[in-house]
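Since every read-out is calculated from the coordinates, none of them should be taken as a lab result. Being a predicted model, the structure only gives us computed values, none of them experimental. Heads up, the Cβs are rebuilt from the backbone with ideal geometry, glycines too, and the neighbour counts pull from every protein chain shown.
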Amino acid sequence: MNQCQAAARLRVALGHLGQPSARAGVAYPTSGAVSPNSFHPPQFQYTRDNDVLSLEQRNFYEENGFLVIKNLVSDADIQRFRDQFERICRGEVKLEQMMIMRDVSIAKSEYIPSERMISKIQYFEDDKELFRYCTLPEILKYVECFTGPNIMAMHTMLINKPPDSGKKTSRHPLHQDEHYISFRPSNKIVCAWTAMEHIDRNNGCLCVLPGTHKGSLKPHDYPNWEGGVNLMFYGIQDYDENSPRVHLVMEKGDTVFFHPLLIHGSGWNKTQGYRKEVSRYRARLVKGQRISL
Ligand SMILES: CCCC(=O)SCCNC(=O)CCNC(=O)[C@H](O)C(C)(C)COP(=O)(O)OP(=O)(O)OC[C@H]1O[C@@H](n2cnc3c(N)ncnc32)[C@H](O)[C@@H]1OP(=O)(O)O
Ligand SMILES: Nc1ncnc2c1ncn2[C@@H]1O[C@H](COP(=O)(O)OP(=O)(O)OP(=O)(O)O)[C@@H](O)[C@H]1O
Ligand SMILES: O=C(O)CCC(=O)C(=O)O
Ligand SMILES: [Fe+2]
Ligand SMILES: [Mg+2]
């Protein structure tokens, strides 16, 4: 098994620290068809009427701000993302837009192209292989449940969480993605996040505070952690250690959809593998224009 296989998972996310990139502005026509059987009373604020989600799933998302769909992305697709990630790690793929990030623990070490050096890739919209994630019909089908039709990819991200050096710098502090993104409205944005392998508390799974999507955007700052904090990894300031946390244990291909105000983070990676996931956000378009950016 090579390092990348031993590694963890891949993540593509979206949004960005400011404006979406032009490349991300790709709209996907989706059906938008509403079946007469799918009518639900207007108490739904966070989900749209269509036939995809069961009433139970809708209620769960409305109440909790996230929904896990098991086994959504095929092994074959994940293998393709993984293979492409390996090519990027080997320096075989170079794209101008793509941003490569390293963990703070190795930020100042000499750069050697390998999986060990890359903790995150952002803006891979120009990478045909990775961008396939954003066009997978099974992902779009669910995204539409939250955004409505006319979907736009606003940000892409793949995370390769490194084994922790012992200083817990691989942790991602609890935050709301809306802190990083300028587009709105919140209720028509969703993040799709796909595990590229088994992810649990040992390798730093996603941790969510259910129901927090109903709150507002909270002040963020760098957490006061010993050992170091990654640049741009802000955390909410008034984190109450006693608030109920849910750790999302996921298998390869499982995908969680979550609201941009949901408070979430990820734990430190206690294993020797690099855990990977792919994710991204989408927003709804009206008449070809993004709503209230
Ligand atoms: C909705 C999305 C939710 C989220 O994803 S939250 C996280 C979003 N933010 C990010 O992913 C950060 C994106 N990445 C970046 O901004 C850049 O890669 C980053 C970290 C600023 C580095 O930028 P560059 O200037 O291209 O790289 P560089 O290698 O020349 O480093 C410049 C100085 O920064 C330091 N550095 C690099 N990576 C770091 C890290 N991970 N943590 C802390 N410090 C880091 C590096 O040592 C260097 O410092 P110095 O200037 O030599 O003293
Ligand atoms: N003071 C804090 N401020 C912001 N986020 C925090 C704080 N302390 C922990 N977190 C974040 O909370 C989430 C859950 O932490 P949790 O304690 O469950 O996991 P962990 O500390 O990474 O690992 P474990 O407790 O399993 O050893 C992680 O995203 C972590 O980054
Ligand atoms: O997986 C992680 O380390 C953090 C994920 C996250 O915050 C996100 O996907 O928005
Ligand atoms: Fe996030
Ligand atoms: Mg802990």
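Tabulated values for the structure
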| item | result |
| --- | --- |
| HN-Hα J in Hz across segment 193-198 - Karplus 6.51, -1.76, 1.60, θ = phi - 60°, x for Gly and Pro | 9, 10, 6, 9, 6, 5 |
| Contact order normalised by residue count of segment 55-279, Cα under 8 Å, 6+ apart, percent | 31 |
| Neighbour cut-off at most 10 other Cβ (10 Å), DSSP loop, GluC sites (Glu not before Pro), segment 210-281 | Glu226, Glu241 |
| Size of charge dipole - segment 55-279 - debye, nearest 20, with Cβ of Lys, Arg +1 and Asp, Glu -1, no other charges | 260 |
| Rounded FRET efficiency, nearest 0.05, which uses the C-beta distance separating Ser182 from Glu63 and R0 of 41 Å | 0.90 |
| Computed log₁₀ I(q)/I(0) - Debye formula, equal Cα scatterers, no solvent, segment 165-231, q 0.15, 0.20, 0.24 Å⁻¹ | -0.67, -1.10, -1.30 |
| Under 12 Å from Lys94, Cα to Cα: aspartates and glutamates that are on another chain or at least 8 residues apart | Asp126, Asp127 |
| FRET efficiency estimate (nearest 0.05) - Cβ-Cβ, Asp83 to Thr135, R0 25 angstrom | 0.90 |
| Given Lys188/Lys214; Lys120/Lys214; Lys108/Lys270; Lys168/Lys252; Lys141/Lys276; Lys141/Lys188, the pairs whose alpha carbons are separated by over 18 Å | Lys120/Lys214; Lys108/Lys270; Lys168/Lys252; Lys141/Lys276 |
| Chain lengthening between Asp240 and Val52 when straightened (0.36 nm per residue, less Cα-Cα) | 64.1 nm |
| In Hz, Karplus ³J(HN,Hα) per residue of segment 120-131 (6.51, -1.76, 1.60; θ = phi - 60°; x = Gly, Pro) | 7, 10, 10, 6, 9, 4, 8, 8, 4, 5, 5, 5 |
